[in-house]
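Peer 1: One structure, as structure tokens, below. Some questions next.
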Amino acid sequence: MTTKAARGTSAAIPAGDARNASGATVHLQDLSRSFGPVRALAGLNLDLAPGELVALLGPSGCGKTTALRIVAGFETADSGVVEVDGKDVSPIPAAKRDMGMVFQSYSLFPNMSAQDNVAFGLRMRKLAGAGRQRRAAELLEMVGLSAQARQYPHQLSGGQQQRVALARALAIEPRVLLLDEPLSALDAKVRLQLREQIRALQQRLGTTTLFVTHDQEEALSMADRVGVMKDGTLEQIATPSELYAHPATAFVAEFVGIMNRIPSEMLSLISRSGAAADGRDDGLPGETDALVRPEGLRIAASPHGNGIVTSRTFLGQLTRVSVRLSGDVVVQVDQQSTDTGGITPGASVEVSLVDPPVLVTDRT
Amino acid sequence: MAAVTGDEIVPDVAAGPGGRSAAAWPRLPVWRWVILLVVGGYFVIPLIAALRFTGVSSFPSVIHQEGFSAAFELSIKLAVITTAATLVLMLPTAVYVHLRLPRLRRLMEGITILPIVIPPVVLIVGVLEIAPGFLKSTPYLLALEYVILAMPFAYRSFDAGLRALDLQTLVEAAHSLGAGWRSTLWRVLLPNLRASLLSATVLTVALVLGEFTMASLDLYQTFPVWIVAFDQTSGPISVAASLLALFVTWIFLLAISMIGGRRSRRAGGAEVSLFSVSRRSTGGS
């Protein structure tokens, strides 16, 4: 167990959380990889339960794609072990690992129709022609593209191409499905449709899935667990709700969702109500910051308030209001739109704390 | 099976079976037509003059001339051997450089252009130095020299084709589906490089059928050497043979381009002309 594991950020599978016996277990142990002077992975540990979808989330260069490529067999780790169902697959070439992969860029073979693309992996497995085509047709039906079976990739939209790529990866009944930012090239509407479709299929088939993304909304909405990576290691891995509500580090807290950083001396000037008032402890150590979510704050118009509204953004049910506190600290507050009447830029407001800080951290 | 579908806009890809529309004859400014006519005249007028000089009746007699069959056969054999050797050497090299040594691409471009700037006699001496002994006394030695001559054109054809592909992703996708290197090359890369292959083939064949200097220096009578030699005895027949060679090569190139272009368009591959490759647009999101 690492120090982070002791902080409740263990990369191990939660007890009794095995989701589907048909999927494989995946175990990454102390994976390290450097590219020249750049250390992409620095001792990554991660476990995936059968049928589980784990998302690796992190900023560019954090090592998430390198980790995925090592699992796929496209990169070789400098040190460490990749085990699938307890067997070390490090010496096995990518072509024999039995892993389906969907790539970020459109990866369909341009010379083959959608159906032939899906059937390609089955052909490599020497499945007879009729069975191969039948299976490919089933998979295309599963992703809703039966009508496009005879079309070539250049005749398909980006979303359709990625659905064919998903069908192609699933056709071989992979032990592990690897998704390398498969939605990043798509527009918002198609991305939303496809992520729901991927999740539905993954749950139905019970395929253990490792999903790499830099889009936190994607990760939080699709994954059973989300691992946040930084500098080649896991900062924390947890369920989306746990990650959001109980981030283990300031990096995780500020990377996932929107976070206000309020100096401890400023926090003592903010009144408290609701959950924040229960068992309150004003004694934050000096030179620390409290990390508070926008929904953990509340504002009300007040002529002698502790802040001035600088801007407001209508988000539908919620309105996000930016408030400058004394000391030029700006906080963002999410509040029901119906409760923001009269709160306009320049107005004086009273900011109060309704939820306790999710984390208290050293000042940076 | 249940299907999860979404309404997506599929890009308009069909401009008709032939892919041609009214834009086939674009409206060009007058000055462009003038340039086109001047350049066209520069190429066509000598051909018309040659045709008038030789007369149509000279063509049938060309094939009955002494030495014609042997020279033509030798040139065809050399074209086949040179093309095969060029493809076998250049295609894997270009794929390897693109995939594993992309930083060396510029260096390779520089190296492959050397045969154009090095005098033929130097190339001949170089080839003679390293050629196996059994080849040195046969005309097939020329094939080795022609492979070097064809290198700039063949490598550029493959380079252009590979640039039009997302090579690494295609190779990795094939590997992830269980394909080894042989299957990946045969089933994925070669079909998508068909246009480049045809382009390299066309250029190599055209080069071999028209090359004179090296064959002449090596004292082998290929078709171009025969034409020049025959020129000493019969001018009109020699010119008719030259025109015949030109027309045969043109028809050959045209046929390859049309076949390759049609197949490439059907599969949505890169559009490749003899000297350029353009990436086919992929669907939008």
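Peer 1: Residues A:Leu122, A:Leu139, A:Leu156: which one is within 12 Å of B:Leu177 (Cα to Cα) and either buried (at least 24 other Cβ atoms within 10 Å of the Cβ) or more than 7 Å from every other protein chain (Cβ to nearest Cβ) (or both)? Can you show your working first?
Peer 2: Numbers: A:Leu139 fails: within 12 Å of B:Leu177 (Cα to Cα); A:Leu156 fails: within 12 Å of B:Leu177 (Cα to Cα).
Being within 12 Å of B:Leu177 (Cα to Cα) and either buried (at least 24 other Cβ atoms within 10 Å of the Cβ) or more than 7 Å from every other protein chain (Cβ to nearest Cβ) (or both) holds for just one of A:Leu122, A:Leu139, A:Leu156, which is A:Leu122.
Peer 1: Now for a different question. Check off (1) without any contact (Cβ under 8 Å) to a residue 60 or more places away in the chain; (2) within 12 Å of another protein chain (Cβ to nearest Cβ) for A:Asp180 and give me the number that stays unchecked.
Peer 2: A:Asp180 satisfies every listed condition except (1).
Peer 1: Could you say which residue among A:Ser184, A:Ser221, A:Ser146 is at pLDDT 90 or above, surrounded by fewer than 21 Cβ atoms within 10 Å (Cβ to Cβ) and closer than 26 Å to A:Cys62 by Cβ?
Peer 2: On the way: A:Ser184 fails: at pLDDT 90 or above; A:Ser146 fails: closer than 26 Å to A:Cys62 by Cβ.
The unique qualifying residue is A:Ser221.
Peer 1: Scanning for something without any contact (Cβ under 8 Å) to a residue 24 or more places away in the chain, in a helix (DSSP H, G or I) and in contact with a strand residue (DSSP E or B) (Cβ under 6 Å, 6 or more places away or on another chain), does the range B:166-189 turn up at least one residue?
Peer 2: yes
Peer 1: Just to be sure, is A:Ser337 of a type in the set (Ser, Thr, Tyr) and touching a Phe, Trp or Tyr at 6+ places or on another chain (Cβ under 7 Å)?
Peer 2: Criteria met by A:Ser337.
Peer 1: Which of the residues spanning the range B:165-195 are within 26 Å of A:Leu179 (Cβ to Cβ), more than 7 Å from chain A (Cβ to nearest Cβ) and of a type in the set (Gly, Ala, Ser)?
Peer 2: Across the range B:165-195, the qualifying residue is only B:Ala174.
Peer 1: So, one more: Looking at the range A:73-121, which of its residues are part of a helix (DSSP H, G or I) and within 23 Å of A:Gly159 (Cα to Cα)? Steps first, answer last, please.
Peer 2: Start the filter on the range A:73-121 by keeping residues that are part of a helix (DSSP H, G or I), which leaves A:94-96, A:114-121.
Answer for the range A:73-121, where residues must be part of a helix (DSSP H, G or I) and within 23 Å of A:Gly159 (Cα to Cα): A:Ala114, A:Gln115, A:Asp116, A:Asn117, A:Val118, A:Ala119, A:Phe120, A:Gly121.
Peer 1: Could you count how many residues in the range A:98-111 are farther than 24 Å from A:Ser184 by Cβ and surrounded by fewer than 23 Cβ atoms within 10 Å (Cβ to Cβ)? Explain how you work it out, then say what you get.
Peer 2: Let us first name the residues in the range A:98-111 that are farther than 24 Å from A:Ser184 by Cβ, namely A:98, A:111.
Filter once more, so that each one left must be surrounded by fewer than 23 Cβ atoms within 10 Å (Cβ to Cβ): A:98.
Of the residues in that region, 1 qualify.
Peer 1: Quick check, is B:Thr138 assigned to a helix (DSSP H, G or I), among the β-branched types (Val, Ile, Thr) and over 14 Å from B:Thr213 (Cα atoms)? Write out each step before concluding.
Peer 2: Values: assigned to a helix (DSSP H, G or I): no; among the β-branched types (Val, Ile, Thr): yes; over 14 Å from B:Thr213 (Cα atoms): yes.
Taking the combined requirement at face value, the residue does not satisfy it.
Peer 1: Does B:Thr86 satisfy being under 23 Å from the mean Cα position of the chain (by Cα), surrounded by fewer than 22 Cβ atoms within 10 Å (Cβ to Cβ) and in a helix (DSSP H, G or I)? Lay out the reasoning, then the answer.
Peer 2: On the way: under 23 Å from the mean Cα position of the chain (by Cα): yes; surrounded by fewer than 22 Cβ atoms within 10 Å (Cβ to Cβ): no; in a helix (DSSP H, G or I): yes.
So B:Thr86 does not fit the description; no.
Peer 1: Just give me the residues in the range B:89-130 being without any contact (Cβ under 8 Å) to a residue 60 or more places away in the chain, assigned to a helix (DSSP H, G or I) and over 28 Å from B:Asp166 (Cβ atoms), in sequence order.
Peer 2: Selection gives B:Leu114, B:Pro115, B:Ile116, B:Val117, B:Val122, B:Val125, B:Gly126, B:Val127, B:Leu128, B:Glu129, B:Ile130.
Peer 1: Considering the range B:249-265 alone, what residues qualify as being at pLDDT below 75 and either touching a Leu at 6+ places or on another chain (Cβ under 6 Å) or not in a helix (DSSP H, G or I) (or both)?
Peer 2: B:Ile256, B:Gly260
The values are calculated or read from the model by the stated rules, or taken from the named source; none is laboratory data. These numbers were taken from a predicted model, which means no experiment stands behind them. A quick note on method: Cβ atoms are made from the backbone with ideal geometry, for glycine too, and the neighbour counts reach across all protein chains shown.
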